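Chemist: Here it is, the structure, as structure tokens.
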Amino acid sequence: MKNTLDRDAKELYALGDELFKHPELGYKEFTNKKILTDYFTSHGIKVTELGFRTAFKATIGSGSPKIGLIAELDAIPTLGHPFADKKDNAAHSCGHSTQCAIMAYALVKLKDVIKNGSVSVYFTPAEEFTDVAFRKQLIKKHEINYIGGKINMLTAGLFDDEDLFIHLHTMGSSGYHFSLNTSLCGFVYKEMIFHGKATHAAVAPDKGINALNAFVLFDNAINMLRETFKEEDYIRIHDIIDEGGQTVNSIPEKVIYECYVRSLNSNALLKTAEKVDNAAKNCAKAIGASVTIKTTPGYLPMHQCRLINDVIKKNMLKYCKLEEIHDDEISMAAGDIGDLSIFKPTVQFGYSGFSGNCHGKDLCISDNVRAYLEPSKVIYDTVLYLLNHPDYVDRIKKEFKPSMDKKEYLAYLD
Ligand SMILES: [Zn+2]
């Protein structure tokens, strides 16, 4: 028998399609916000502004339990994606637009059936840690305090009211139907500037100091360090050069470099970050150059609430077999949902229905039922179960132990 979510699925696909075709980078998601606000208004649902330029929430019901749902608004620069923005290459190659459509549709459908408790979808800006120069300007202008959207919202206390949070993310073109209890890495972000001394590249290279050579030495050192990484720590260092020199006929005066250091293990992450700094300083010194290093905390590793995932798993099994669920997956991805999971019982599950590579120009939605409808039904059924079982929500809250308090967290962010 078809239920109400099946019956109006075309509305869900149309909303998802519109969002997918309007990708915007973090803190610039004004069109996506308008599309979603119009959608909620047309269904008589109130939307509340949450600041930080584009953050907002849509709420139904009142009282307890209080269920928070999380959907990310932002896109990521992706050269050559068919729907990439002409100016900044923003594209939904991480599928965040589908999260927004799934959560919005589930909320609209829940509105007609909930009898107790409240459900809010939090639309969060800027999950992708990118476009950093623009965001640093926003920090200077006091429009935001941190690079990541949820970090701003978390430190402002905007998530404090909810009992728990449910989030979801595409798995890209993984062979599984759903994933559950997936780990996410922590990371730190580093910006380094190698300083040399420009002289004529052909006439007087002996009088110069080559910042690009300092960088190349450092890059080799990073690769030599890789054999010191333990497999179980899942360490990754990935990087780009923004500027490799100023003009080809001069010895490079300056090289600008960015990297993430990631690990599933917070201690290994900090130790590796220190090794990277030492390598940069000493490689620069070896050829008479210098380096300035700026480290910014990225996101914390994810802690999945297994009690919530037990309910989600039962609802997933309505659409697939047990062996089609990737349980306890180890993922090297990271997200600011990890920070939220330190303070509240939180889950992020994965869904399928995509082809191509995440963050690649070929990522697209290949199966509307898997990419939109089934996850909407999983959210709908899970929320209804939790609202109808307040004792279970109490147990979730009781068993949850925050691994850091707000004071410690603020100290870590500084
Ligand atoms: Zn993503």
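Chemist: Tell me, which longest segment in the chain has none of the trypsin sites (Lys or Arg not before Pro) that fall in DSSP loops with at most 14 further Cβ atoms within 10 Å?
Modeler: 322-414
Chemist: For the stretch 1-116, what relative contact order do you get, as a whole percent, if you take Cα pairs closer than 8 Å and at least 6 residues apart?
Modeler: That works out to 32 percent.
Chemist: Right, next: List, in order, the whole-Hz ³J(HN,Hα) value for each residue of the stretch 61-66 obtained from phi through the Karplus relation with A = 6.51, B = -1.76, C = 1.60 and θ = phi - 60°; use x for Gly and Pro.
Modeler: Taking θ as phi minus 60°, the curve returns x, 7, x, 9, x, 10 Hz for the stretch 61-66.
Chemist: At 7 Å along the Cα-to-beta-carbon direction for both residue 8 and residue 111, put a label point, then send me their distance in nm to one decimal.
Modeler: Result for the modelled spin labels: 0.7 nm.
Chemist: List the relative contact order of the stretch 289-414 as a percent without decimals, with contacts defined as Cα pairs under 8 Å and 6+ residues apart. Please list the in-between numbers first.
Modeler: Details: 98 pairs, mean separation 38.6, N = 126.
After rounding, I find 31 percent.
Chemist: If I take R0 = 30 Å and measure r between the Cβ atoms of residue 49 and residue 413 in this structure, what FRET efficiency does the formula 1/(1 + (r/R0)^6) give, to the nearest 0.05?
Modeler: After rounding to 0.05, the efficiency reads 0.80.
Chemist: Amide H neighbours of residue 358 under 5 Å, at least 5 residues apart or on other chains, H built in the peptide plane: list them.
Modeler: 173
Chemist: Please list, in order, the residues from the stretch 89-108 whose amide nitrogen is less than 19 Å from a point placed 7 Å along the Cα→Cβ vector of residue 357.
Modeler: Only 89-96 fall inside the zone, counting backbone N under 19 Å.
Chemist: Could you derive backbone 3J(HN,Hα) for the stretch 259-269 from the dihedral phi with the Karplus parameters 6.51, -1.76 and 1.60 (θ = phi - 60°), listing whole Hz in sequence and x where the residue is Gly or Pro?
Modeler: Computed from phi, the couplings for the stretch 259-269 are 8, 10, 10, 10, 6, 6, 9, 4, 5, 4, 4 Hz.
Chemist: In addition: Give the long-range amide H neighbours of residue 26: residues separated by 5 or more places, or on another chain, with amide H under 5 Å away, using H modelled in the peptide plane at 1.01 Å from N.
Modeler: For residue 26, whose amide H was placed from the backbone, the distant partners under 5 Å are 75, 126.
Chemist: Find the relative contact order for the chain and round it to a whole percent, using C-alpha pairs within less than 8 Å whose residues are 6+ positions apart.
Modeler: Values: 898 pairs, mean separation 86.7, N = 414.
This gives 21 percent for the chain.
Chemist: Still on this model: Counting Lys and Arg as +1 and Asp and Glu as -1, each charge on the Cβ, what is the dipole of the stretch 300-342 about the Cα centre in debye, to the nearest 20?
Modeler: Values: 5 positive and 8 negative charges, 56 e Å.
The dipole magnitude comes to about 260 debye.
Chemist: Ok, one more. Taking the 0 to 90 degree range and rounding to the nearest ten, how far is the long axis of helix 390-399 tilted relative to the main principal axis of the chain, both from C-alpha atoms?
Modeler: Helix 390-399 sits roughly 30 degrees off the main axis of the chain.
Chemist: Going by how many other Cβ atoms sit within 10 Å of their own, how do 118, 341 line up, fewest first?
Modeler: Going from sparsest to densest Cβ surroundings: 118, 341.
Chemist: Now, a different point. Mind listing the phi-derived Karplus ³J(HN,Hα) values for the stretch 355-369, rounded to whole Hz, using 6.51, -1.76 and 1.60 with θ = phi - 60°, and x for any glycine or proline?
Modeler: Once θ is set to phi - 60°, the couplings for the stretch 355-369 become 10, x, 9, 4, 6, x, 6, 9, 5, 8, 8, 10, 8, 4, 5 Hz.
Chemist: Among 206, 394, 328, which one shows the biggest mean-square fluctuation in a GNM of the chain, springs joining Cα atoms closer than 10 Å?
Modeler: For the chain, modelled as a Gaussian network with Cα springs under 10 Å, the answer is 206.
Chemist: What is the spin-label model distance, in nm, from residue 231 to residue 42 if the labels are put 7 Å beyond Cα along the C-beta direction?
Modeler: Placing both labels 7 Å beyond Cα along the Cβ direction yields 5.3 nm.
Chemist: Let me ask another. Based on the Cβ-Cβ distance from residue 398 to residue 369, what FRET efficiency comes out when R0 is 41 Å, to the nearest 0.05?
Modeler: So, using R0 = 41 Å, E works out to roughly 0.65.
Chemist: Within the stretch 186-297, count lysine pairs with alpha carbon atoms under 24 angstrom apart where the residues are 8 or more positions apart or belong to different chains.
Modeler: The number of close lysine pairs in the stretch 186-297 is 29.
Chemist: Under unit Cβ charges (Lys, Arg +1; Asp, Glu -1), what dipole magnitude, rounded to 20 debye, does the chain have relative to its Cα centre?
Modeler: 520
Chemist: Can I ask one more? Consider a paramagnetic label point 7 Å from the Cα of residue 21 along Cα→Cβ; state which residues of the stretch 77-111 have an amide N under 18 Å from it.
Modeler: Within reach of a label on residue 21: 81-87, 90-93, 95-102.
Chemist: Related question: Amide H of residue 55: which non-local residues (sequence gap of 5 or more, or other chain) have their own amide H closer than 5 Å, using H built in the peptide plane?
Modeler: Under 5 Å from the amide H of residue 55: 50.
Just so you know, all these numbers are worked out from the coordinates, no wet-lab data involved. No experiment lies behind these values; they were computed from the predicted model shown. Note that each Cβ is placed from the backbone with ideal geometry, even for glycine, and that neighbours are counted across all protein chains shown.
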